[in-house]
Amino acid sequence: MTSPSSVADLFHTLSYGVYSVGVSHGGRRNAFTAAWVMQVSFEPLLLALSVNPGNASYPMLRESGRFTVNVLHAGQLDLARALGTRSARDGDKLDRIRWRAGPVDAPILQDAVAWFSCEVLDNHRAGDHQLVVARVRDGGVLQPDARPLGYAETGEMDGSAELYPETL
Ligand SMILES: Cc1cc2nc3c(=O)[nH]c(=O)nc-3n(C[C@H](O)[C@H](O)[C@H](O)COP(=O)(O)O)c2cc1C
């Protein structure tokens, strides 16, 4: 490191959006906040998502092979917190949210900027996360004029600063 900034500061210069990933399996549905989502191919259209396998959503995603990505807007910081700082293990997170079942049965949040419906193609171990590569099967823009929420706007909401080592 050539400056006094921390490893966490370094990694927090990377830019991401903020998404709600919806899952459905065995009659149960859930959603969690994710920042680590990106497009990785045009042909076919692929998204990659890095998931902590400890998330309650992960076995549902793995078993069903499907999920939705909902793009959150700048006014949805509280929603990002509600879905990203509590687990489905602590109670239903969808009971106070407006959503509908999408084409793969996973939740589409009705107030989101846009949604993607995805089918898992590959799943790779990536350190302490699973890197899921998925084909986009359907999707739509719900609020064309809304500004997508940026990860930097969530501050320390995900508590990630303490997960970085002190030095590289
Ligand atoms: C802003 C923010 C970004 C997050 N990004 C991710 C992510 O990219 N991947 C992930 O697995 N968890 C991410 N999380 C953490 C999960 O949302 C969190 O662990 C959630 O409680 C998991 O819910 P579940 O156990 O109901 O699946 C993020 C949380 C926040 C607040």
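The values are calculated or read from the model by the stated rules, or taken from the named source; none is laboratory data. Fair warning: this is a prediction, and the values are worked out from it, not measured in the lab. So basically every Cβ, Gly included, is an ideal-geometry build from the backbone, and we count neighbours across all protein chains shown. Calculation scope for accessible area: heavy atoms of the full protein, side chains included, ligands and nucleic acids excluded. Shrake-Rupley method; radii C 1.70, N 1.55, O 1.52, S 1.80 Å.
In this structure, does residue 104 turn out to be in contact with a Gly (Cβ under 7 Å, 6 or more places away or on another chain) and either at pLDDT 95 or above or surrounded by 13 or more Cβ atoms within 10 Å (Cβ to Cβ) (or both)? Break it down into steps so the answer makes sense when it comes.
Details: in contact with a Gly (Cβ under 7 Å, 6 or more places away or on another chain): no; either at pLDDT 95 or above or surrounded by 13 or more Cβ atoms within 10 Å (Cβ to Cβ) (or both): yes.
In short, no.
Here's the yes/no breakdown for (1) more than 17 Å from the chain's Cα centre (by Cα); (2) open to solvent by 60 Å² or more (accessible area, probe 1.4 Å); (3) within 8 Å of the ligand (Cβ to nearest atom):
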| residue | (1), (2), (3) |
| --- | --- |
| 8 | yes, no, no |
| 18 | no, no, yes |
| 54 | no, no, yes |
| 67 | no, no, no |
| 71 | no, no, no |
Scan segment 154-168 residue by residue and report those that are touching a helix residue (DSSP H, G or I) at 6+ places or on another chain (Cβ under 9 Å), more than 9 Å from the ligand (Cβ to nearest atom) and of a type in the set (Asp, Glu). 162, 166
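If I go through segment 73-93 residue by residue, how many of them are surrounded by fewer than 18 Cβ atoms within 10 Å (Cβ to Cβ) and within 14 Å of the ligand (Cβ to nearest atom)?
We begin by selecting, within segment 73-93, every residue surrounded by fewer than 18 Cβ atoms within 10 Å (Cβ to Cβ); these are 74-75, 77-78, 81-82, 85-87, 89-92.
Filter once more, so that each one left must be within 14 Å of the ligand (Cβ to nearest atom): 74, 77-78, 81-82, 85-87, 89-92.
Count: 12.
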For segment 112-168, name all the residues that are under 20 Å from residue 85 (Cα atoms), among the polar types (S, T, N, Q) and out of contact with any strand residue (DSSP E or B) (no Cβ under 6 Å at 6 or more places or on another chain). 154, 160
With the condition being under 17 Å from residue 37 (Cβ atoms), I'd like the strands (runs of 3 or more DSSP E) fully within segment 48-154 carrying at least 3 qualifying residues. 66-71, 107-109, 114-126, 129-141
Confirm whether residue 41 is within 19 Å of residue 114 (Cβ to Cβ), in contact with a helix residue (DSSP H, G or I) (Cβ under 7 Å, 6 or more places away or on another chain) and small (Gly, Ala, Ser). no
Being open to solvent by less than 30 Å² (accessible area, probe 1.4 Å), near the ligand (Cβ under 9 Å from one of its atoms) and in a strand (DSSP E or B) is the filter here, so list the residues in segment 20-47 that pass it. 20, 21, 23, 30, 31, 32, 34, 37
For segment 130-168, what are the residues that are among the hydrophobic types (A, V, I, L, M, F, W, C), farther than 28 Å from residue 110 by Cβ and surrounded by fewer than 16 Cβ atoms within 10 Å (Cβ to Cβ)? 161, 163, 168
Hey, can you tell me all the residues within segment 5-29 that are of a type in the set (Gly, Ala, Ser) and within 14 Å of residue 102 (Cβ to Cβ)? 20, 22, 24
